[in-house]
1. Counting only residues 5 or more places away or on other chains, whose amide H sits under 5 Å from the amide H of F231 once H atoms are built in the peptide plane?
2. For Cα pairs less than 8 Å apart in space and 6+ apart in sequence, what is the mean separation divided by the residue count of region 45-158, i.e. the relative contact order in percent?
3. Do you know the relative contact order of the chain, to the nearest whole percent, from alpha carbon pairs under 8 angstrom that are 6+ apart?
4. Report the Cα centroid-to-centroid distance between region 230-262 and region 1-24 in angstrom, as an integer.
5. Using a Förster radius of 45 Å, what is the FRET efficiency between K265 and K107 based on their Cβ-Cβ separation? Nearest 0.05, please.
6. Of N225, A153, G204, which is farthest towards the positive pole of region 133-228's charge dipole, taken about the Cα centre with +1 and -1 on the beta-carbons of Lys, Arg and Asp, Glu respectively?
7. What is the percent carbon and sulfur in the accessible area of region 35-83, measuring with a 1.4 Å probe over the protein chains and ignoring ligands?
8. Using only DSSP helix segments of four residues or longer, with each worth -39500 (n - 2.57), what per-residue ellipticity at 222 nm results for the chain after dividing by its residue count and rounding to 500?
Amino acid sequence: MKIIFAKNLGFCFGVKRAVELSENILNKDPKPVYFWGKPIHNERVVKKIRSGEEKFITSPKQAKSGTLVIRGHGVSPFVPPKNIKIRDLTCPLVKKVQLAARSLFKKGYQVIIIGDKNHPEVKGIKGYTQNKAAVIESEQQAKRIKKIKKMGAVSQTTQDFNKVNKILKILKKKARNFQWLNTLCPEVISRQKELLKILKKADGVLVIGSRTSANTKRLADIAKNSKRKVFWANSLKDLKKQRFRGIFTLGVVSGTSAPNWEIEKIKKWLDTKQK
Ligand code: SF4
């Protein structure tokens, strides 16, 4: 089997920052440490950074003392609890979407978020528009939107750039004054573009990362839509359970929260399978 490894594998800068800050917080900041949501979407990475003393909560009101940590996907504006240290892991690119949505909202635009309505990042962004933004997940939903005067669109950072472009084409016809603030993450787009190139040569694709990660799922969807066989692994152990029968060329890509240490092990193991 021939193997084509993507150039961009492992943590993006936002995840690397969230992991390093989490470790630092757990070592040095006042206890107890409350995590408002999972710091990142990869259970293996979260397991590795846990010290055993932290608590996971779903509302800031549950934090009574110590340190409150905001997840990498960000949260809606909130009133910070008193006498508590706040540490914000929100990726700077997610922060950019939140501020873009707020600025459009303040200027009187009907804000549209192109994204997955149940994803924590999207819920957080919506909060910056006093929950007035509409979330669009598909071209069908975009077609159903009524015509209005002012419409401003942003997208979840990890959306499929091809899908976003198709939705934008529809939305542009829905408002006389239409604004699009491009908030797609460049790192995510470059991984999607690299995958599209790999798909021209590969008949199977190994996606490394967690099934709970939006950008990793997007890579798997792109490969599936191109009718390629998709294999998932979040560790070398997962990979060893896979059977690559009938695959001549395997492309290997990873989500931005895939653990670097597992990727190194996977690369070494796959190298032994190359012909
Ligand atoms: S994928 Fe992009 S937006 Fe998400 S954490 Fe990484 S750098 Fe930030």
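The values are calculated or read from the model by the stated rules, or taken from the named source; none is laboratory data. Because the structure is predicted, anything quoted here is derived from the model rather than measured. FYI the Cβ positions are ideal-geometry reconstructions off the backbone, even for glycines, and counts take in every protein chain you see. Calculation scope for accessible area: heavy atoms of the full protein, side chains included, ligands and nucleic acids excluded. Shrake-Rupley method; radii C 1.70, N 1.55, O 1.52, S 1.80 Å.
1. Answer set, sorted by chain and number: V205, L206, V207.
2. Relative contact order comes out at 26 percent.
3. Contact order relative to length: 23 percent.
4. Using only Cα atoms, the two centres lie 15 Å from each other.
5. 0.35
6. Farthest towards the positive pole: A153.
7. Carbon and sulfur atoms account for 51 percent of the accessible area of region 35-83.
8. Rounded to the nearest 500, it is -11500 deg cm²/dmol.
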